[in-house]
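Some notes on the structure that comes next.
Each value in this text was obtained by applying a stated rule to the coordinates, not by laboratory testing. Since the structure is predicted, the reported quantities are computational estimates derived from the model, not experimental observations. All Cβ positions, even for glycine, are placed from backbone atoms using ideal geometry, and neighbour counts span all protein chains on display.
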Amino acid sequence: MELELFQTLAIALGLGLLVGLQRQHDQSQLAGIRTFPLITLFGTLSGFLAQDFGGWILASGLFSLAALMAVANFMRSKTPNFDIGLTTEAAALLMYVVGAYLVLGQTTVAVAVGASVAVLLHLKDTLHGIVAKIGQNDLRAIMQFVVISLVVLPVLPDRTFGPYQVLNPYNIWLMVVLIVGLGLSGYFAYKVFGQKSGTVLGGILGGLISSTATTVSYARRSKDQHASSMLAALVIFIASTVSFVRIITEVAVVAPGTLPTVAPPLAAVFLLMVILAIMVYLKRDDSHDTMPEQGNPAQLKTALVFGAIYAIVTLAIAFAKDKLGDSGLYFVAVVSGLTDVDAITLSTSRLMQVGNLDTDHGWRLILVAALSNIAFKAGLVGVLGNRSVFGKVALLFGIVLAGGLLVLWLWPENFQLDIGVGGAA
């Protein structure tokens, strides 16, 4: 018991020194390298006392600390060049609570929070720089995602409705949040890197946001006589390659227990595409281009459309399985892949996770949808792009389609890779 006591005090001292070091380096006049360890130790000792004498000890300590800082700020306000700010004060109160939580809560959580406080304080200039770069449209995207994820999602009923009892409003919108979140992460990565991105990064960002939208943009631009057909084909192909990473990520989030079976065949096709992308990259010309302006993926209209597609695909899968058996699911996969491969991926993953579809059929449905989507994008290039870029894209996608069909045909049933993944979403 005595050893645990000293270990807890040592952790409190270390966390206080870490935050105090940062505040001292930032030339805080209120608290620094000596004061923050004292505050954290104060919280830890208050936590020990509260175990024996009650929670009023913690409340009194927090009130005393707040009063002490108020007096210190009042005295400092009489000096010239007084800087009004609450960062150090907020950090001090939080570190007091962290010290107490070391005793009353979980040590790992307290350590993580204390370390996060130090990192957050250290990233002041970086965070301010990011905020300065955020425009009105970017702020709107953030707020729209907040509405989608934190306002709409919690109020939806978490129960099934409709035919086959497969339409769950909460689950449907949860998938919307996942897809919009993935797209939004790519959108902000584009905001940071997009204007100075090269071919590879442009394709990666395009795949994160929307490989289909990227295909349409670059296919249209390929008709410009000054545009490079090799560059356009490479960006389109890289974006489609990244979409496989997106697919595997979606499966990992929704149905992590299926990854040992689902990931290997999808990764095999992804590896083939990476090899092809490298070969094309080595033969590229020296021209450079910037990504076209990307739209906000967090618009409510976009979310509603995807939610509707996801619900339709989920219902179609249930109908096909009931009326046509497993063979009918492949028709749904092909049709769904023409419009949105995310919807069929999430629907299939959910069915695998709850046990309504075996994983061997599941990964095949996802791969069929992905191959259907690749064929659809090749058709888009043929309609919207010039002959040169279409020829290059058709060759690359043709090889991928052939490779994907070989995986579907030759991949052993019930093959599993021991990657140590399990559990439910």
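Which shape class, rounded, prolate or oblate, goes with segment 297-425 when its Cα gyration tensor gives a ≥ b ≥ c as root eigenvalues, a/c under 1.5 marks rounded, and past that a/b bigger than b/c marks prolate?
Oblate, because a/c is 1.5 or more while a/b does not exceed b/c.
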Whole angstrom only: what separates the Cα centroid of segment 345-416 from the Cα centroid of segment 249-282? 11 Å
Trypsin sites (Lys or Arg not before Pro), loop per DSSP, at most 10 other Cβ atoms within 10 Å - longest free stretch of the chain: 79-282
Please express the shape of segment 2-130 as an equivalent ellipsoid: the semi-axes are the square roots of 5 times the eigenvalues of the C-alpha gyration tensor, given largest first in whole angstrom. 26, 18, 11
Going through K283/K377; K301/K323; K124/K301 one by one, the pairs whose alpha carbons sit over 30 Å apart turn out to be K301/K323; K124/K301
Order these by the 10 Å Cβ neighbour count, fewest first: L346, L121. L121, L346
Could you go through segment 53-64 in sequence order and give the Karplus-derived ³J(HN,Hα) for each residue, using 6.51 cos²θ - 1.76 cosθ + 1.60 with θ = phi - 60°, rounded to whole Hz, and x for Gly and Pro? 10, x, x, 4, 4, 5, 4, 5, x, 5, 5, 5
Counting only GluC sites (Glu not before Pro) that sit in a DSSP loop (anything but H, G, I, E, B) with at most 12 other Cβ atoms within 10 Å, what is the longest stretch of the chain containing none of them? 1-292
Around L167, which amide H atoms from residues at least 5 apart in sequence, or from another chain, sit under 5 Å from its own amide H, with H modelled in the peptide plane? F161
Note to self, the chain gives a 222 nm [θ] from helices alone (DSSP H runs n ≥ 4, -39500 (n - 2.57) apiece, / all residues, nearest 500) of -25500 deg cm²/dmol
Would you mind calculating the relative contact order of segment 136-410 from Cα pairs under 8 angstrom and at least 6 residues apart, reporting the percent as a whole number? 24 percent
Which of W56, W411, W173, W363 has the fewest Cβ neighbours within 10 Å, and the rest in rising order: W56, W411, W173, W363
Treating each Cα of the chain as an identical point scatterer and ignoring solvent, apply the Debye formula and state log10 I(q)/I(0) at q = 0.11 Å⁻¹. -0.95
